[in-house]
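Structure, as structure tokens:
The values are calculated or read from the model by the stated rules, or taken from the named source; none is laboratory data. These figures come from a predicted structure and were not determined experimentally. Neighbour counts run over all protein chains shown; Cβ positions are idealised from the backbone, glycine included. Accessible surface areas use protein heavy atoms only, side chains included; no ligands, DNA or RNA. Shrake-Rupley method; radii C 1.70, N 1.55, O 1.52, S 1.80 Å.
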Amino acid sequence: MSNVIVIGGGAAGMMAAYAAALCGHQVKLIEQNEKLGKKIFITGKGRCNITNAGDMDNLFANVMSNPKFLYSAFYTFNNEQMMSFLEEYGLKMKVERGNRVFPVSDHSSDVIATLRKALANKNVEVFLHTKVNHLLVTKEQIEGVGLSDGREVPADAVIVATGGFSYQTTGATGDGYRFAEKTGHKLVQRTPALVPFEIKEAWVKELQGLSLRNVSVSVYNEKKKLYEDFGEMLFTHFGVSGPLILSASGMIKAKQFENELKLYIDLKPALTAEQLDKRILRDFDEAMNKQFKNAIGHLLPAKMIPVLIDLSGIDPEKKVNEISREERTGLVALMKKLPLTITGLRGWNEAIITKGGVSVKDINPSTMESKHVQNLFFCGEVLDLDALTGGYNLQIAWSTGYLAGISVQ
Ligand SMILES: Cc1cc2nc3c(=O)[nH]c(=O)nc-3n(C[C@H](O)[C@H](O)[C@H](O)COP(=O)(O)OP(=O)(O)OC[C@H]3O[C@@H](n4cnc5c(N)ncnc54)[C@H](O)[C@@H]3O)c2cc1C
């Protein structure tokens with residue numbers, strides 16, 4: 001039996017502590033906040049999208065950084081095992097659109113309560129309001145941790161589960177990166193990911209609050225297409241957000257944002273340009289003597305009409321039967337490829353996750369143990385691992401946390 005310290009009472013840390021205790025170790029879970037799972041509480045808009053019920057191929061396909069590194073972690077403790085574990089401790093779950101798994105109650109607090117119950121069941125000692133300041137390492141061997149109040153706590157093994165940089169109010173202070181760097185681990189550049197875009201065009205502000213469903217969004221670096229998908233997006237006071245945009249931000253590499261990228265919205269992805277032109281012609285025929293501004297109400301959400309009219313350059317007072325073929329073609333082109341310019345990403349406090357982190361090259365993928373310091377483990381978002389939305393990021397935390405916990409000797 002070893003004395004194990006887990007730093008960080010988030011998803012990965014709670015799971016690591018549980019798994020180590022399951023293997024018969026004496027476990028101390030150290031959390032700087034006043035309670036466990038502060039970030040879990042805000043996940044899935046307060047409902048916690050616990051995992052994704054898709055198959056293993058789907059899990060790997062949705063991991064953006066270093067999916068191969070997760071092979072052992074996912075196969076040791078997968079989404080089904082996570083659901084069985086929570087069920088065993090009394091949590092009822094449901095599967096929603098896109099195989100997203102939520103608690104039946106729709107309360108993330110129930111997920112946290114279930115994890116707390118599992119920790120108590122395995123006699124994990126929880127220390128709240130306790131901040132680790134540094135790791136104690138001698139001759140490439142972990143010896144314990146130093147707390148911010150000056151105390152030193154010895155341990156045979158330490159698991160770092162301190163999370164990333166995003167939503168700092170939840171405790172994401174990036175301490176784990178400092179611990180890793182000081183003990184000889186490389187860090188991969190960290191950037192906010194699954195984060196809204198800032199947009200150059202001033203007119204987006206006029207559309208603030210407008211949500212577009214069933215649109216297609218593509219992102220280009222000059223001629224190179226970096227992303228394209230179909231779904232839902234949202235206009236905000238600074239630019240664009242919503243599921244499609246967050247996914248786009250997760251799939252584009254940090255370096256690519258150094259260029260000014262173009263984002264195009266296809267407002268009518270179900271129609272080709274020709275079909276859309278015919279549809280507009282039909283609408284114009286039915287509204288022969290109406291002014292242009294009053295004739296496109298069937299095609300667009302009301303809030304978008306003044307913006308589209310302005311961008312089209314067509315006089316809003318013009319009768320539709322006076323609109324030229326050229327003007328109509330321009331309107332179709334706008335609706336099929338509405339151009340926006342991405343000027344940047346929103347900051348850490350709006351990012352769902354951190355891209356980058358402790359390099360997985362410095363970590364043994366079969367155990368989550370450091371390759372430089374014996375009996376030191378890393379798991380969760382502190383590592384250079386990230387995935388798209390849909391429950392995959394939490395599954396990374398559960399799987400890597402579990403593997404780290406059971407790998408302690
Ligand atoms: C708004 C939002 C919604 C999200 N929704 C979902 C979702 O629905 N589904 C999904 O799969 N993912 C979601 N995510 C992502 C998911 O929450 C994270 O990937 C996951 O929580 C990472 O777990 P972690 O344990 O690695 O880090 P965290 O959950 O951040 O936990 C790290 C813990 O370590 C503690 N800590 C840090 N430093 C120290 C220190 N020095 N001493 C002591 N304690 C320390 C912190 O206080 C914190 O409690 C969401 C994220 C956000 C921000």
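Candidates are the residues of region 373-390 that are assigned to a loop (DSSP other than H, G, I, E, B) and at positive phi; the one that is farthest from the ligand (Cβ to nearest atom) is Asn375. If a residue must be open to solvent by less than 10 Å² (accessible area, probe 1.4 Å) and either among the aliphatic types (A, V, I, L, M) or farther than 22 Å from Val145 by Cα (or both), how many such residues does region 31-53 contain? Adding up the residues that qualify gives 5. Of all residues in region 106-150, those satisfying the criterion of being in contact (Cβ under 8 Å) with a residue 12 or more places away in the chain, polar (S, T, N, Q) and either within 10 Å of the ligand (Cβ to nearest atom) or under 27 Å from Lys371 (Cα atoms) (or both) are Ser108, Thr130, Asn133, Gln141, Ser148. Filtered by the rule that a residue be modelled with pLDDT of 95 or more, in a strand (DSSP E or B) and within 19 Å of Gly250 (Cα to Cα), region 28-64 gives Thr51, Asn52, Val63. Scanning region 107-124 for residues that are exposed (fewer than 14 other Cβ atoms within 10 Å of the Cβ) and not in a helix (DSSP H, G or I) yields one hit, Asn123. Going residue by residue through region 67-81, is there one that turns out to be open to solvent by 20 Å² or more (accessible area, probe 1.4 Å) and within 11 Å of the ligand (Cβ to nearest atom)? No: region 67-81 contains no residue that is open to solvent by 20 Å² or more (accessible area, probe 1.4 Å) and within 11 Å of the ligand (Cβ to nearest atom). On the given criteria, is Gly46 away from the ligand (no atom under 14 Å from the Cβ) and either closer than 17 Å to Gly405 by Cα or not β-branched (Val, Ile, Thr) (or both)? No, not satisfied. Taking the criterion of being touching a helix residue (DSSP H, G or I) at 6+ places or on another chain (Cβ under 9 Å), loosely packed, with under 14 Cβ neighbours inside 10 Å and not aliphatic (A, V, I, L, M), would at least one residue in region 258-265 satisfy it? No, region 258-265 has no match at all. What are the residues in region 180-194 that are open to solvent by less than 30 Å² (accessible area, probe 1.4 Å) and part of a strand (DSSP E or B), if any? Answer for region 180-194, where residues must be open to solvent by less than 30 Å² (accessible area, probe 1.4 Å) and part of a strand (DSSP E or B): Thr191, Pro192, Ala193.
Filter region 52-66 for residues that are within 13 Å of the ligand (Cβ to nearest atom) and closer than 24 Å to Ser359 by Cα and give the result. Within region 52-66, Leu59, Asn62, Val63, Met64, Ser65 meet the criteria. Taking region 215-229 as the range and being within 19 Å of Leu334 (Cβ to Cβ) and not polar (S, T, N, Q) as the test, the residues that pass are Val215, Val217, Val219, Tyr220, Glu228.
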